[in-house]
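The values are calculated or read from the model by the stated rules, or taken from the named source; none is laboratory data. Since this is a predicted model, take the numbers as computed values, not measurements. FYI the Cβ positions are ideal-geometry reconstructions off the backbone, even for glycines, and counts take in every protein chain you see. Side chains included, ligands, DNA and RNA excluded: accessible areas come from the protein's heavy atoms. Shrake-Rupley method; radii C 1.70, N 1.55, O 1.52, S 1.80 Å.
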Amino acid sequence: MMGGQSEMRVMVWVLVVAFILSPLAGAASYGLSRPFALPVAAKSTETSKDGKGWLESGIMRVSFVQTEASFKAAMAQRGWRYIHAVALRKGNTHTLYTWRRGSNELTLMLRRIDVNRTAFSWGLSKTEKRKGKSK
């Protein structure tokens, strides 16, 4: 009986590790390697198959303000430096955010769907270092 309990513990740990790693495996199957952890409430609904444009899109079932705060915290935690935000519509219902880390620039778009639903999309690009001033 003692052997059965230790086998059960091993099985439980294997399941826990598999559960924790499963989102990473799903992202890898699309060739997606997130440079930050998605907020807990975020649900990915689409990923780029070719690595161009928005790399990932999804929904959060929380308010726009909560979504914004969650992404800001997730980005800062992974060393991204906040650059700026641009409201695309009056009332900040569509907003673009830019972060930088090293030579990478991350653009995030948040779109208010309703009171407790916000859509997100993000993509990456390389920043170019200017060697001289343009005329």
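Considering each residue of the range 45-85, count those that are of a type outside the set (A, V, I, L, M), part of a strand (DSSP E or B) and farther than 16 Å from Thr107 by Cα, and give that number.
Of the residues in the range 45-85, 2 are of a type outside the set (A, V, I, L, M), part of a strand (DSSP E or B) and farther than 16 Å from Thr107 by Cα.
Against the list (1) touching an Asp or Glu at 6+ places or on another chain (Cβ under 9 Å); (2) modelled with pLDDT of 95 or more; (3) surrounded by fewer than 17 Cβ atoms within 10 Å (Cβ to Cβ), the condition Ser103 fails is (2).
Looking only at residues that are touching a Pro at 6+ places or on another chain (Cβ under 7 Å) and of a type in the set (A, V, I, L, M) in the range 28-86, which one is farthest from Thr98 (Cα to Cα)?
At the first step, the residues of the range 28-86 found to be touching a Pro at 6+ places or on another chain (Cβ under 7 Å) are 60, 70-71, 74, 78.
From the residues that got through so far, the ones that are of a type in the set (A, V, I, L, M) too are 60, 74.
On the way: Met60: 19, Ala74: 14 Å.
Taking the candidates together, the pick is Met60.
Residues are listed down the side, and each one gets a yes or a no for (1) open to solvent by 100 Å² or more (accessible area, probe 1.4 Å); (2) modelled with pLDDT of 95 or more; (3) small (Gly, Ala, Ser):
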{"residue": "Gly51", "(1), (2), (3)": "no, no, yes"}
{"residue": "Trp54", "(1), (2), (3)": "yes, no, no"}
{"residue": "Met60", "(1), (2), (3)": "no, yes, no"}
{"residue": "Phe71", "(1), (2), (3)": "no, yes, no"}
{"residue": "Arg81", "(1), (2), (3)": "yes, yes, no"}
{"residue": "Ala87", "(1), (2), (3)": "no, no, yes"}
{"residue": "Lys90", "(1), (2), (3)": "yes, no, no"}
{"residue": "Thr93", "(1), (2), (3)": "no, no, no"}
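Filter the range 106-115 down to the residues that are aliphatic (A, V, I, L, M) and in a strand (DSSP E or B), then identify the one that is surrounded by the fewest Cβ atoms within 10 Å (Cβ to Cβ).
Within the range 106-115, the first condition is being aliphatic (A, V, I, L, M), and the residues that meet it are 106, 108-110, 113, 115.
If we keep only those that are in a strand (DSSP E or B) as well, we get 106, 108-110, 113.
Numbers: Leu106: 20, Leu108: 23, Met109: 17, Leu110: 23, Ile113: 13.
Here the answer is Ile113.
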